[in-house]
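Every number in this text was worked out from the coordinates using simple rules, so none of it is lab data. This is a predicted model, so every value here is computed, not measured.
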Amino acid sequence: DSGVTQTPKHLITATGQRVTLRCSPRSGDLSVYWYQQSLDQGLQFLIQYYNGEERAKGNILERFSAQQFPDLHSELNLSSLELGDSALYFCASSPNTGDTEAFFGQGTRLTVV
Amino acid sequence: GEDVEQSLFLSVREGDSSVINCTYTDSSSTYLYWYKQEPGAGLQLLTYIFSNMDMKQDQRLTVLLNKKDKHLSLRIADTQTGDSAIYFCAEKGNTGKLIFGQGTTLQVKP
């Protein structure tokens, strides 16, 4: 158990809908990273938050957004969902930004039908 | 730019050694990582190596780094069926984000 909790584990929704994925980082970790794992794109970095502020942005679509709350949990919002958004979404956390290790949650599997 | 490449598939017999290779492009990477993903599971950090090291050994795992060629390898000695999984190589970019390869599926035959 990495200490990073993601909910829900599985999500099935229809095209055009909006969903929110939640991540609770390890206790004390200030950095949260979101990754998308899909069959065609592999594992891609989406976005990073550090202590409530956006720190880095990767290949994140405009239809997607994220935030980190004062209690350090993070949410990834996916809107106007398309079939191609079906993927495994991982959250990872680390104490700061320059850490050696990041710890991954078990992921949320999103299926868009 | 940042790019990481891996071969997609490796099949070995139980008891043999497995060697999974990876190349990367970012010469400023400070750390390089190997993650393991079992079916239906998350990413488990196996080991990592600092960029000024050539080799790191951890029980059955040996990581070799050739910084000049930007080549990283993971050797698993005495490979077991429980080692069957997808192995991801990753480099640490600026701000701490990880850039992953496509993953190598390791199949271990009994």
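In the protein assembly as shown, what percentage of the DSSP-assigned beta bridges are antiparallel, given to the nearest 5?
90
Report the antiparallel proportion of the DSSP beta bridges in region A:1-112 as a percent, rounded to a multiple of 5.
90
Would you look at the GNM of chain B, springs on alpha carbons closer than 10 Å, and say which of B:ALA90, B:ALA41, B:ALA77 moves the most?
Residue with maximal mean-square fluctuation among B:ALA90, B:ALA41, B:ALA77: B:ALA41.
From the phi angles alone, apply the Karplus equation (6.51, -1.76, 1.60; θ = phi - 60°) to region A:26-35 and give each ³J(HN,Hα) in whole Hz, x where the residue is Gly or Pro.
Per residue, the Karplus-derived 3J(HN,Hα) values read 4, 4, x, 6, 9, 9, 10, 10, 10, 10 Hz.
Report the residue, chosen from B:ASN52, B:ASN66, B:ASN21, that carries the largest GNM mean-square fluctuation when chain B is represented by alpha-carbon nodes joined by springs under 10 Å.
Highest fluctuation of the listed residues: B:ASN52.
What list of ³J(HN,Hα) couplings, whole Hz, do you get for region B:46-60 from phi and the Karplus terms 6.51, -1.76, 1.60, once you set θ to phi - 60° and write x for glycine and proline?
Once θ is set to phi - 60°, the couplings for region B:46-60 become 8, 6, 8, 9, 7, 5, 9, 9, 9, 8, 9, 10, 9, 6, 7 Hz.
Using alpha-carbon positions, what is the distance between the centroids of region B:1-24 and region A:61-82, in Å?
For region B:1-24 versus region A:61-82, the Cα centre distance is 33 Å.
Quick check: the distance between the Cα centres of region B:67-95 and region A:1-60, to the nearest angstrom?
So the two Cα centres are separated by 23 Å.
Pairs to check: A:LYS57/B:LYS109; A:LYS57/B:LYS70; B:LYS56/B:LYS109; A:LYS9/B:LYS56. Give those whose C-alpha atoms are more than 31 Å from each other in this structure.
A:LYS57/B:LYS109; A:LYS9/B:LYS56
Could you give the C-alpha radius of gyration of the protein assembly as shown expressed as a fraction of 2.2 N^0.38 Å, taking N as the number of residues it contains?
Taking the Cα Rg and dividing by 2.2 N^0.38 Å, one obtains 1.02.
When a/c reaches 1.5 or more, the comparison of a/b and b/c decides; with that in mind, is chain B rounded, prolate or oblate per its Cα gyration tensor?
Cα axes put chain B in the prolate bin.
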